[in-house]
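Colleague: Sharing a structure, written as structure tokens. Questions coming.
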Amino acid sequence: MNVRITPRPLHGVIQAPPSKSMAHRLLICAGLAKNETSTLHGISQSEDIMATLGCLAALGVQYKKAGDAVTITGTDILCSVPQRPLDCKESGSTLRFFLPLALMCGKKVRLSGSARLLSRPLTVYETICREQKLFYKQTETDVSVQGRLTPGSYKIPGNISSQFISGLLFALPLCEKDSILSILPPIESRSYLELTIEALAAFGVRVSWTDDKTILVPGGQTYHPREMTVEGDYSNAAFFAALKLFGNDVEITGLSDDSRQGDKVYLKFFEMLSKGTPTIHIGDCPDLGPILMAVAAAKNGAVFRETGRLKIKESDRGAAMAEELSKFGVSVTVHEDSIVVYPANFHTPTEILHGHNDHRIVMALSTLLTLTGGEIEGAQAVRKSLPEYFEMLKSLGAEVTEYDT
């Protein structure tokens, strides 16, 4: 799908979409509440969330979706007998959260997904399986595992993805004995671990930091049912907040001031980008990378540090944004763990933009096109996290034309 955007003044109120990160976590916790029923509100139709619901169903969880509400009856994961592969589609969270759960049932479980997803690192789990003599086999399109995780001491690198640690945090409380997760510094995306711990606590499961790099996970715990509403998403709200930064009369509602979401920091970073050419560290909020680069391009440039993990997202986000921003006349240099966006004479793109099959690239570029006008191919990538994105833009008065090629 291609999208053409024509510049117009925008105004209106946007209700922040529900947090995809928190939705994944709450759905999994509800699915682990054995034979108990939970109700969750604010569950979107995004491809990633539907992948998580599909994997829960494959493990024996029953659910019914009505609008944005999902009623879930959990399963006994220790006795689960998956009848089909767990299709994670393109969701990194889904794959990394469910792989440890697949290692709780003792049966052979196959988790499938796109080639891009399976090219992203899974070495943490491969190492655990090797050390515990569990079956692990990975191909370009799936990974198969068999066996049961044993409680004990785990050493996990903290600089790859917090999703590996979160995956273990969902599974290990169901073991008979306690476990200790020792996280090797530096720990990136710590805020996402806090979201996981918050979700666990909401369902009656307690884990605790014993120091700044060690988590105690008591065994023998039980997930309890809840009725909850998913909080607003700072990550996707940032795309609409950028519209306000560009001079539009846009207000965002539905965000919690007390949220633990690391992407909440966009409020601070946008102010820095408006006032000068700052150096910004994004190790704890890599999902903000594309929109921060877009804002820097339209404003005063910036230097971004701790950007290495942008290479292993849905696209190589640093390189993808560099390629697309060059069409606006903006020079970008991508280094191993830093990115420089140079101040430039920002102008209307000289050719059609490419979405790189990455939802955050498409939304970041669309934000810029509200200033300059232009066209993006591959805009359907927004379905991964925010399928209603372009309708939300239109609700603000944006002139958006969608068509299939």
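Throughout, read-outs are computed from the coordinates displayed, never taken from laboratory work. Since this is a predicted model, take the numbers as computed values, not measurements. Heads up, the Cβs are rebuilt from the backbone with ideal geometry, glycines too, and the neighbour counts pull from every protein chain shown.
Colleague: Keeping to segment 248-266, report how many residues are free of Cβ contacts under 8 Å to residues at least 40 places away in the same chain and surrounded by fewer than 18 Cβ atoms within 10 Å (Cβ to Cβ).
Modeller: 3
Colleague: Of the residues in segment 238-270, how many are more than 15 Å from ALA16 (Cα to Cα), among the aromatic types (Phe, Trp, Tyr) and part of a helix (DSSP H, G or I)?
Modeller: 2
Colleague: Of all residues in segment 155-174, which are within 20 Å of CYS29 (Cβ to Cβ) and without any contact (Cβ under 8 Å) to a residue 60 or more places away in the chain?
Modeller: If the condition is that a residue be within 20 Å of CYS29 (Cβ to Cβ) and without any contact (Cβ under 8 Å) to a residue 60 or more places away in the chain, then SER162, ILE165, LEU169, PRO173 are the ones that fit.
Colleague: THR277 is checked against (1) free of Cβ contacts under 8 Å to residues at least 60 places away in the same chain; (2) over 25 Å from ALA381 (Cα atoms); (3) in a loop (DSSP other than H, G, I, E, B) and fails just one. What number does that condition carry?
Modeller: THR277 satisfies all of (1) free of Cβ contacts under 8 Å to residues at least 60 places away in the same chain; (2) over 25 Å from ALA381 (Cα atoms); (3) in a loop (DSSP other than H, G, I, E, B) except (1).
Colleague: Can you pull out the residues in segment 23-37 that are outside any strand (DSSP E or B) and surrounded by fewer than 24 Cβ atoms within 10 Å (Cβ to Cβ)?
Modeller: Of everything in segment 23-37, those that are outside any strand (DSSP E or B) and surrounded by fewer than 24 Cβ atoms within 10 Å (Cβ to Cβ) turn out to be ALA33, ASN35, GLU36.
Colleague: Only one of these is in contact (Cβ under 8 Å) with a residue 12 or more places away in the chain, over 20 Å from PHE240 (Cα atoms) and either of a type in the set (Phe, Trp, Tyr) or in contact with a Cys (Cβ under 8 Å, 6 or more places away or on another chain) (or both): PHE304, PHE269. Name it.
Modeller: Values: PHE269 fails: over 20 Å from PHE240 (Cα atoms).
When all the criteria are applied, what remains is PHE304.
Colleague: Out of the residues in segment 175-196 meeting the condition of being among the charged types (D, E, K, R) and within 23 Å of the chain's Cα centre (by Cα), tell me which one is farthest from ARG25 (Cα to Cα). Give the derivation first.
Modeller: Applying the first criterion (among the charged types (D, E, K, R)) to segment 175-196 yields 176-178, 188, 190, 194.
This time we only want the ones that are within 23 Å of the chain's Cα centre (by Cα), so: 188, 190, 194.
On the way: GLU188: 18, ARG190: 15, GLU194: 11 Å.
Filtering first and then ranking leaves GLU188.
Colleague: For segment 121-144, which positions are within 22 Å of the chain's Cα centre (by Cα) and either at positive phi or buried (at least 19 other Cβ atoms within 10 Å of the Cβ) (or both)?
Modeller: LEU122, VAL124, TYR125, VAL143
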